[in-house]
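Novice: Shown below is the structure under consideration.
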Amino acid sequence: MRKQIAAANWKMNLTFQQGEKLLDDILIANIQLSNDCQVIFAVPFPYLIMAKSEIEEEKNYAVAAQNCSDQKPGAYTGEVSVEMLSSIGISHCIIGHSERREYYHETNSILAAKVDRCLEMNITPIFCCGESLKIRESGSQDDFVRLQLEESLFHLGPDSLKKIIIAYEPIWAIGTGKTATTAQAQEMHAFIRSVLSNKYGSEVAESISILYGGSVKANNAKELFSCPDVDGGLVGGASLVASEFIQIIRSLK
Ligand code: 13P
């Protein structure tokens, strides 16, 4: 079975102390994960080492960065390289979140370079894709998402692609309280898998975890995660509340 994953994306929220307390409050629930399940905390850069040490004893828990540079180490003031992440034992990195695409103008080709950089350092990219409301309303969401996948991932060989986690996050559902229906989520996830299958074959496509993101909450996680092609979630707001995120972890298949 492909991995079922509950991933928290804290974005630019919480102080160090609040972050530490949140992790304590979640970990105290002592949720034991089978090897088919994983919990990932994507925390701000200054909290990575703290979060790593918090989860040190936990099985199938991991820490992710929320971004990385597309460049090799050098004169790039303010940037963080994958070499830096790797040197502190970070195993995952979110790539191409819609907020980075929109506010920091990250293009599909920049994201392709970031994916490559991560894989070079054995860091698993959590690659985000998803359409805006305007695109959804025009009915062209499939073409839009296909192009995101083609331009950022399809240069990879099958062995590299297998190392990627994909997160489908419709922009119209992020932070809006408006969740995709289970039918909309399942339809897009199945479409993404079919795009992967057409290029890489079904064995590769079936092995890849595709997470849903966009207003996942304790009260809708179970239903969303029950969709056959939804392998968990990438959670923003609700991951900042211990009781919510605990419930979301418990909703994994
Ligand atoms: P919300 O869960 O706050 O809608 O955010 C989703 C998201 O962007 C996760 O990366």
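Novice: Give region 225-253 a look and list any residue that's within 9 Å of the ligand (Cβ to nearest atom) and in contact (Cβ under 8 Å) with a residue 24 or more places away in the chain, or say none. Reasoning before the result, please.
Specialist: Here is the first cut: in region 225-253, the ones within 9 Å of the ligand (Cβ to nearest atom) are 233-240.
If the condition is that a residue be within 9 Å of the ligand (Cβ to nearest atom) and in contact (Cβ under 8 Å) with a residue 24 or more places away in the chain, then 233, 234, 235, 236, 237, 239, 240 are the ones that fit.
Novice: Applying the selection to region 1-55, what residues are among the aliphatic types (A, V, I, L, M) and assigned to a helix (DSSP H, G or I)?
Specialist: Of region 1-55, the ones among the aliphatic types (A, V, I, L, M) are 1, 5-8, 12, 14, 22-23, 26-29, 31, 33, 39-40, 42-43, 48-51, 55.
22, 23, 26, 27, 48, 49, 50, 51 - these are the residues of region 1-55 that are among the aliphatic types (A, V, I, L, M) and assigned to a helix (DSSP H, G or I).
Novice: With the requirement that a residue be more than 19 Å from residue 54 (Cβ to Cβ), touching a strand residue (DSSP E or B) at 6+ places or on another chain (Cβ under 9 Å) and of a type outside the set (A, V, I, L, M), what does region 74-98 give you?
Specialist: 96, 97, 98
Novice: Just checking, which of 165, 135, 174 is hydrophobic (A, V, I, L, M, F, W, C) and away from the ligand (no atom under 16 Å from the Cβ)?
Specialist: 135
Novice: So which residues in region 102-134 are touching a Cys at 6+ places or on another chain (Cβ under 8 Å) and either within 18 Å of residue 234 (Cα to Cα) or among the acidic types (Asp, Glu) (or both)? Before the answer, list the steps.
Specialist: Step one: list which residues in region 102-134 are touching a Cys at 6+ places or on another chain (Cβ under 8 Å), which gives 114, 117-118, 123-126.
Hits for region 102-134 are 123, 124, 125, 126.
Novice: Tally the residues that are within 26 Å of residue 36 (Cβ to Cβ) and not in a helix (DSSP H, G or I), restricting the search to region 79-95.
Specialist: Count: 7.
Novice: For region 100-172, which helices (runs of 4 or more DSSP H) that fit wholly inside it have 2 or more residues that are within 16 Å of residue 214 (Cα to Cα)? Before you say what the answer is, go through the steps one by one.
Specialist: Values: elements: 108-120, 133-138, 141-153, 158-161.
The qualifying helices (runs of 4 or more DSSP H) are 133-138, 141-153.
Novice: Determine whether region 135-142 contains at least one residue that is under 22 Å from residue 6 (Cα atoms) and either among the polar types (S, T, N, Q) or without any contact (Cβ under 8 Å) to a residue 12 or more places away in the chain (or both).
Specialist: no
Novice: Among residues belonging to region 1-37 that are in contact with a His (Cβ under 9 Å, 6 or more places away or on another chain) and crowded, with 22+ Cβ neighbours inside 10 Å, point out the one that is farthest from residue 234 (Cα to Cα). Steps first, answer last, please.
Specialist: In the first step, residues of region 1-37 are kept if they are in contact with a His (Cβ under 9 Å, 6 or more places away or on another chain); the result is 7, 9, 11.
From the residues that got through so far, the ones that are crowded, with 22+ Cβ neighbours inside 10 Å too are 7, 9.
Values: 7: 5, 9: 7 Å.
My answer is 9.
Novice: Considering (1) in a strand (DSSP E or B); (2) out of contact with any Lys or Arg (no Cβ under 9 Å at 6 or more places or on another chain); (3) of a type outside the set (Lys, Arg); (4) without any contact (Cβ under 8 Å) to a residue 40 or more places away in the chain, say which one residue 76 fails and leave the rest.
Specialist: Residue 76 satisfies all of (1) in a strand (DSSP E or B); (2) out of contact with any Lys or Arg (no Cβ under 9 Å at 6 or more places or on another chain); (3) of a type outside the set (Lys, Arg); (4) without any contact (Cβ under 8 Å) to a residue 40 or more places away in the chain except (1).
Novice: Run residue 103 past the list (1) more than 16 Å from the ligand (Cβ to nearest atom); (2) surrounded by fewer than 18 Cβ atoms within 10 Å (Cβ to Cβ) and report the number of the one that doesn't hold.
Specialist: That leaves (1) as the condition not met.
Novice: Related question: Of all the residues that make up region 204-227, how many are touching a helix residue (DSSP H, G or I) at 6+ places or on another chain (Cβ under 7 Å) and over 12 Å from residue 253 (Cα atoms)? Walk me through it before giving the result.
Specialist: Initial filter on region 204-227 (touching a helix residue (DSSP H, G or I) at 6+ places or on another chain (Cβ under 7 Å)): 204-205, 208, 210, 212, 214-218, 221, 223-224, 227.
From the residues that got through so far, the ones that are over 12 Å from residue 253 (Cα atoms) too are 204-205, 208, 210, 212, 214-218.
So the count comes out to 10.
Novice: Based on what the data block shows, is residue 226 surrounded by fewer than 15 Cβ atoms within 10 Å (Cβ to Cβ) and under 19 Å from residue 36 (Cα atoms)? Let's see the steps before the verdict.
Specialist: Details: surrounded by fewer than 15 Cβ atoms within 10 Å (Cβ to Cβ): yes; under 19 Å from residue 36 (Cα atoms): yes.
Yes: the conditions hold for residue 226.
Novice: So in region 181-224, with the set limited to residues that are touching a Leu at 6+ places or on another chain (Cβ under 7 Å) and in a loop (DSSP other than H, G, I, E, B), which one is nearest to the ligand (Cβ to nearest atom)?
Specialist: Within region 181-224, the match that is nearest to the ligand (Cβ to nearest atom) is 216.
Novice: For residue 146, are the conditions met, namely being away from the ligand (no atom under 16 Å from the Cβ), modelled with pLDDT of 95 or more and under 17 Å from residue 4 (Cα atoms)? Let's see the steps before the verdict.
Specialist: Values: away from the ligand (no atom under 16 Å from the Cβ): yes; modelled with pLDDT of 95 or more: yes; under 17 Å from residue 4 (Cα atoms): no.
So residue 146 fails the test.
The values are calculated or read from the model by the stated rules, or taken from the named source; none is laboratory data. Just so we're clear, the structure is a prediction, and the values are computed from it rather than from any experiment. Positions of Cβ are generated from backbone atoms using ideal geometry, with glycine treated the same way; all protein chains shown enter the neighbour counts.
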